[in-house]
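Data first, discussion second: the structure below is written as structure tokens.
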Amino acid sequence: MTIGELLEMPALSELKLVAGKTGIHRIISTVTVIDAPDGVIWCKGGEFVITSGFALKDGSHLIMTLIQQLVACKASGLGIKTERYIKSIPPEVLEFAEQQSFPIIFVPNRYAFCDIINPVLSLIVNRQSALLMQASKIHKTFQEMAVNSNSIPEILKTLSSLLNCSAAFVDIHFRNCYYSDQESPLAKRVMGLKFESLMQEAFPQYNYYVVKNKSENFGYLLMEPLGGGEIDESVAQTAIEYAAVVLILRMQTRISNQHIEEKYRDAFLEDLLLNNVKTENEIHNRAQLYGWNFKSGGVVVVIDINNIKKYYLKSLDAQTNQRLEGFTQSIYAVSIQCMLDAFPDAKYYKQSDTVAFIISARESDRDAVYDQLEKVFNTVRQKLVNRVSFTITMGVGEYMENIRDIHLSYEQARTAINLGYQLEMFDCALFYSRLGVYRLLATTAHTPESEDFFVRYVKPLMDYDAKNHTNLLDTLGMVIKYGWNLKEASGALFIHYNTVKYRFSKICELLGLDLRDHEGRLAVEIALKMYMINTHHWA
């Protein structure tokens, strides 16, 4: 109870406040009597102190000292009899009490100490008993909810009824919001905001409580101001804490179920990508368990973290290993989020340093998939550039009409990434369908045969260019690029057509070939592409 409530008790109607009016909100935890000079040493805080003034009768300075000591030990107030040993309270004492918001109450001489102590303690004990009963009821209510697996909205409705205010739970793991009443102003306000902006725009307007344990933050309880003014703060806090405990249990159950589902889901995707399924019916039946539809076929996209595995070949300390895991999880999180933003129905499967996606699209939308994937890759790059110290490569297979063949698209996406490693092409998107003959040539890179091709068809031009400061090799590359059309090549090189004709004639002379012949052209073109692979030059 408070000093103000004490003064309003009918049994104590003759007590009068003489100083410290602004402190009547002070909480009384007990009542005690001090009539000894050193009685303050037993004060713990929260006491309403009563005195007859016997220990203060020898000087007004003793009253000031007592008040100062009571203020210091956080007593609630002082009730003093001024009709026996002390006839009046000095003005400076009253002024000090006003400054400190410390209530001083006049107690008529007819009141025995027990006349004050008994009703006040009786009220305090009764209130504490009522609070304990409320706390017990709250405990039992939420205990039953924990045992009976009530849903999150049901937990919020119970909390709302106890506190007489609307409540919401912001789930940061599954990125969802739940409400005690979807028609409440709180619910409508939260529903009108994007999830990412909730903390900045909604939290300042409401009371909120963090729902977490020692290792994980699950979300936030949002509440309107407590209703009615009849709810004790400690009771409200108890209800919120019990609700948070049940929410944590519910979230842990949901997360555990998610992990189990992910385990079986990942096993299914792994079987798909590694061709470990027997029939097409098996694929569609297993997909139906997760609400998936693969009847439109699909394409596989693999995002690879460039060269992260080489760090695991070294002796790692715990801190470095933790940093690498942090980078990996950041890349996974950003890649998955960006991919799902562009392709909400995409399925993904995480491995040690790659994450594979299966994307299905209607036939009319398939041409746009590849353009959209390039945009996704650029978005992922931009988001990661200042967050991690690794680059990524996106490998994209070809679209498979039948989901039974999706493993082929996966193999193609991995081939594109592996070719990127051979060419030292990182931080880019590699589409298998655009790799052309490089897909075949990469398998013979750095072999004796490829070296023979280099010596026969490329080295003579390189040696001549180095000796005579010419550009025959570049000219040959441009001629090949423009389909052996000398006129178009001259335009691309910004030189006269006759100059290109002369250079082309010189190339034929140095190689001992008639490059009007198809076989000669094919050999030179293959040799030049092989040279680009061996020297890590992309064309």
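Working from Cα positions, state the angle (0 to 90°, nearest 10) between the long axis of helix 518-534 and the longest principal axis of the chain. Relative to the chain, helix 518-534 is tipped by roughly 30 degrees. Spin-label pair VAL210-LEU522: with each label point 7 Å from Cα along the Cα-Cβ axis, the two points sit 7.0 nm from one another. Using only Cα atoms and rounding to the nearest 10 degrees, what angle (0 to 90) does helix 472-481 make with the longest principal axis of the chain? Tilt of helix 472-481: around 80 degrees. Taking a sphere under 11 Å around the Cβ of PHE268 and counting the other residues whose Cβ falls inside, with K and R at +1 and D and E at -1, yields a net charge of -2. Applying a DSSP loop filter and a limit of 11 other Cβ atoms within 10 Å to the trypsin sites (Lys or Arg not before Pro) in region 452-539 leaves ARG516. Most simply put, the chain has about 70% antiparallel DSSP beta bridges, counting only bridges with both residues inside it. Match the structure shown to one of the listed values [x] 96, 69, 39; [y] 110, 69, 44; [z] 132, 59, 44 of Cα extents along the principal axes in Å, computed from it, and give that label. Correct label, based on the coordinates given: [z].
Model label sites at GLN99 and ARG323, defined 7 Å from Cα along the beta-carbon direction, differ in position by 5.8 nm. Annotation: amide H-H contacts under 5 Å for THR2 (H modelled 1.01 Å from N, sequence separation of 5 or more, or interchain): ILE28. 3J(HN,Hα) along region 270-282, derived from phi through the Karplus expression 6.51 cos²θ - 1.76 cosθ + 1.60 where θ = phi - 60°, amounts to 4, 4, 4, 6, 9, 6, 9, 10, 8, 9, 5, 4, 4 Hz, with x in place of Gly and Pro. Bridging of LYS44 to lysines at a Cα separation below 16 Å is possible for LYS74, once same-chain residues fewer than 8 apart are set aside. For region 331-412, GluC sites (Glu not before Pro) are listed when DSSP marks them as loop and at most 12 other Cβ atoms sit within 10 Å of their Cβ; the list is GLU401.
Beta bridges per DSSP, both residues in region 274-431: antiparallel share near 85 percent.
Identify the trypsin sites (Lys or Arg not before Pro) of region 164-253 meeting these criteria: DSSP loop state and at most 15 other C-beta atoms within 10 Å of the C-beta. Of the trypsin sites (Lys or Arg not before Pro), the ones in loops of region 164-253 whose Cβ has at most 15 other Cβ atoms within 10 Å are ARG175, LYS194, LYS214. The Rg/Rh ratio for region 441-534, using Cα coordinates for both the radius of gyration and the Kirkwood hydrodynamic radius, is 0.96.
Taking the alpha carbon gyration tensor of region 353-392, multiplying each eigenvalue by 5 and rooting it gives semi-axes of 26, 12, 6 Å, largest first. Each Lys or Arg adds one and each Asp or Glu takes one away; over the other residues whose Cβ falls under 11 Å from the Cβ of PHE218, this sums to +1. Computed 3J(HN,Hα) for region 38-46, one whole-Hz value per residue from the Karplus formula 6.51 cos²θ - 1.76 cosθ + 1.60 where θ = phi - 60°, is 10, x, 5, 5, 9, 6, 10, x, x, glycine and proline marked x.
The C-alpha atoms of region 358-463 occupy a region whose extents along the principal axes are 51, 39, 21 Å, arranged from largest to smallest.
In order along region 419-429, the phi-based Karplus estimate (6.51 cos²θ - 1.76 cosθ + 1.60, θ = phi - 60°) of 3J(HN,Hα) comes to 5, x, 5, 5, 8, 6, 9, 10, 6, 8, 9 Hz; Gly and Pro are listed as x. Close amide-amide hydrogen proximity is noted between GLU216 and no other residue 5 or more places distant or on a separate chain, at a cut-off under 5 Å (H modeled in the peptide plane; Pro and chain starts excluded).
Amide H contacts of LEU430 (H built 1.01 Å from N, in plane; Pro and chain starts excluded): MET394, GLY395, VAL396 sit under 5 Å, all sequence-distant by 5 or more or on other chains.
Report, in degrees rounded to the nearest 10, the 0 to 90 angle that the Cα long axis of helix 113-147 makes with the longest principal axis of the chain. For 113-147 against the chain, the angle is about 30 degrees. Using a cut-off of 16 Å between alpha-carbon atoms, which lysines can reach LYS375, once sequence neighbours fewer than 8 places away in the same chain are excluded? Within the straight-line limit of under 16 Å, LYS375 reaches these lysines: LYS383. Looking at the square roots a ≥ b ≥ c of the eigenvalues of the Cα gyration tensor of region 3-111, which shape do they give, rounded for a/c under 1.5, prolate if a/b is larger than b/c, or oblate? Verdict is rounded for region 3-111. In terms of its Cα atoms, region 274-431 spans 48, 31, 29 Å along the principal axes, sorted from long to short. Over the chain, DSSP H runs of length four or greater, each weighted -39,500 (n - 2.57), average out per residue to a 222 nm ellipticity of -16500 deg cm²/dmol.
Bear in mind these aren't lab numbers, they're just calculated from the coordinates by the rules spelled out. Keep in mind it's a predicted model, so treat the numbers as computed, not measured. When we count neighbours, we look across all protein chains shown, and the Cβ atoms used for this are built from the backbone with ideal geometry, even at glycine.
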